[in-house]
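Student: Just passing along the structure, written as structure tokens.
Every number in this text was worked out from the coordinates using simple rules, so none of it is lab data. The model shown is predicted, which means the values in this text are computed figures rather than measured ones. Methodologically, a virtual Cβ is constructed for each residue, glycine included, from the backbone with ideal geometry; neighbour enumeration extends over all protein chains shown.
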Amino acid sequence: MKLDVYLKEKRKLVDGYLKKYISSKKKDRDCPKHLSEAMSYALTAGGKRVRPILCIAGYEAVGGKSDNILPVAASLELIHTYSLIHDDLPAMDDDDFRRNQPATHKVYGEATAILAGDALLTDAFHIISQSGAKPKILLNIIGELSRASGPEGMVGGQTVDIILEGKKAKKKELHYIHTHKTGALIKASVRIGALMAEATPARLNALTSYGEKIGLAFQVIDDILDVTGTKEELGKSAGADGARGKNTYPSIFGLDTSQSIAEDLIHDSLESIKRLNHNAEPLAEIARYILSRRN
């Protein structure tokens, strides 16, 4: 398969849904114009849409065919974008740029940026309710997503990341940060796709293992790119992790070992899904893409 064609096709579907979502916010008289504009600014600034696409690919890998997956997949981008808005705030990672444009708080102010993130997070669950899936499946998905993005997942990982900033983390602590602040939502994206397709326990376990491996690999590669990439490539400030005393794989293990760790994780992710049929080929290609990406 041609991964670039697949990614372009799925990104177009997700962006189309997000465009309709933002349009509805702008037309809703109960949503303040300044707020809807800030939400739109952050959400439509670009991005690879990795999490929604992984959700769709996980859904297709176990035989899912309905369009019901699209609202659920799009909701993942709302949560991801909310996390980026908040991460960029001065009290958090203090970044001035995101996706090659000024961060949301630099354009709309800190208070509106915080509220825009809050709105996107909350609306994600409203969107899920519109998917048309069975109530039991929706409950499972809501549980999955809230855990992955909450205190036991992304928020927990970000908290430990901030607490240990400027301190030398133990390897166990570094693993916790990376598997929670980034890996949890990526793993959940794949699992949610499988849950929407009512995957068998064996297939769900295979996709869970795949999601865990690529979720960690994604952040390890992010760490490497922060050292080796440029602002233009990354769409945000390069070298920011080192400047803030962040605990990263290169800072603990070095660049070469970090690269080897990422390669092993991707190899193991491919092993996890090798018994699935050809429908899982997009997932395999996405794993390889994560290892080779430059932004």
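Student: Starting at the first residue of the stretch 34-50, write each ³J(HN,Hα) from the Karplus equation 6.51 cos²θ - 1.76 cosθ + 1.60 with θ = phi - 60°, in whole Hz, x for Gly and Pro.
Tutor: With coefficients 6.51, -1.76 and 1.60, one gets 4, 5, 4, 5, 5, 4, 5, 4, 6, 6, 9, 7, x, x, 7, 6, 4 Hz.
Student: Could you work out the Rg to Rh ratio of the stretch 162-295, with Rh taken as the Kirkwood radius (inverse of the mean 1/r over all Cα pairs)?
Tutor: My calculation puts Rg/Rh at 1.01.
Student: Still on this structure: List, in order, the whole-Hz ³J(HN,Hα) value for each residue of the stretch 112-127 obtained from phi through the Karplus relation with A = 6.51, B = -1.76, C = 1.60 and θ = phi - 60°; use x for Gly and Pro.
Tutor: 3J(HN,Hα) across the stretch 112-127, in whole Hz: 5, 4, 4, 5, 5, x, 4, 5, 5, 4, 5, 5, 4, 6, 5, 4.
Student: Another question, then. Using only alpha carbon pairs under 8 Å that are at least six residues apart, calculate the relative contact order of the stretch 3-292 and give it in whole percent.
Tutor: Relative contact order for the stretch 3-292 comes out at 21 percent.
Student: Quick one: dipole size for the stretch 133-223, taken about the Cα centre, charges +1 on Lys/Arg Cβ and -1 on Asp/Glu Cβ, in debye to the nearest 20.
Tutor: On the way: 13 positive and 9 negative charges, 48 e Å.
It works out to roughly 240 debye.
Student: Also, I was wondering about something else. Provide the FRET efficiency to the nearest 0.05 for the Thr122-Asn279 pair, computing r from the beta carbons and using R0 = 35 Å.
Tutor: 0.55
Student: Another question, then. Determine which aspartates and glutamates satisfy two conditions relative to Lys10: a Cα distance under 19 Å, and not lying fewer than 8 residues away in the same chain.
Tutor: Here the aspartates and glutamates satisfying the reach criterion relative to Lys10 are Glu60, Asp67, Glu77, Glu281, Glu285.
Student: Quote the charge dipole size of the stretch 63-145 about the Cα centre in Debye, to the nearest 20; the model charges only the Cβ of Lys and Arg (+1) and of Asp and Glu (-1).
Tutor: 560
Student: A further question on this structure: How many nm is it between the label spots at Ile142 and Ser260, if each spot is 7 Å from the Cα in line with the beta carbon?
Tutor: With each label placed 7 Å out from Cα toward Cβ, I get 4.7 nm.
Student: For the chain, what is the mean residue ellipticity at 222 nm derived from helices alone (per DSSP H run of n ≥ 4: -39500 (n - 2.57); sum divided by total residues; nearest 500 deg cm²/dmol)?
Tutor: Numbers: 16 runs with 212 residues, N = 295.
Helices in the chain give a 222 nm mean residue ellipticity of -23000 deg cm²/dmol.
Student: Once Lys and Arg get +1 and Asp and Glu get -1 on their Cβ, which of Phe253, Ser66, Tyr210 lies farthest toward the positive end of the dipole of the stretch 3-292?
Tutor: Of the options given, the answer is Ser66.
Student: Hey, another quick one. From the residues Gly239, Cys31, Thr159, which one has its Cα farthest along the dipole of the chain in the positive direction, the dipole being from +1 and -1 charges on Cβ of Lys/Arg and Asp/Glu about the Cα centre?
Tutor: Most positive-ward Cα: Cys31.
Student: Moving on. For Gln101, enumerate residues with amide H under 5 Å from its amide H, sequence gap 5+ or separate chain, H modeled in the peptide plane.
Tutor: Amide H neighbours of Gln101: none.
Student: Measure up Lys172/Lys246; Lys170/Lys213; Lys48/Lys187; Lys2/Lys65; Lys171/Lys246; Lys106/Lys213 against 23 Å on the Cα-Cα distance and list the ones that go over.
Tutor: Lys106/Lys213
Student: Given (i) 51, 47, 33; (ii) 51, 49, 37; (iii) 68, 40, 38, which label gives Cα extents along the principal axes in Å as computed from the coordinates?
Tutor: Evaluating Cα extents along the principal axes in Å on these atoms matches (i).
Student: I would also like to ask the following. Taking the alpha-carbon distance from Lys27 and a cut-off under 24 Å, which lysines remain once sequence neighbours fewer than 8 residues away in the same chain are dropped?
Tutor: Straight-distance partners of Lys27: Lys12, Lys19.
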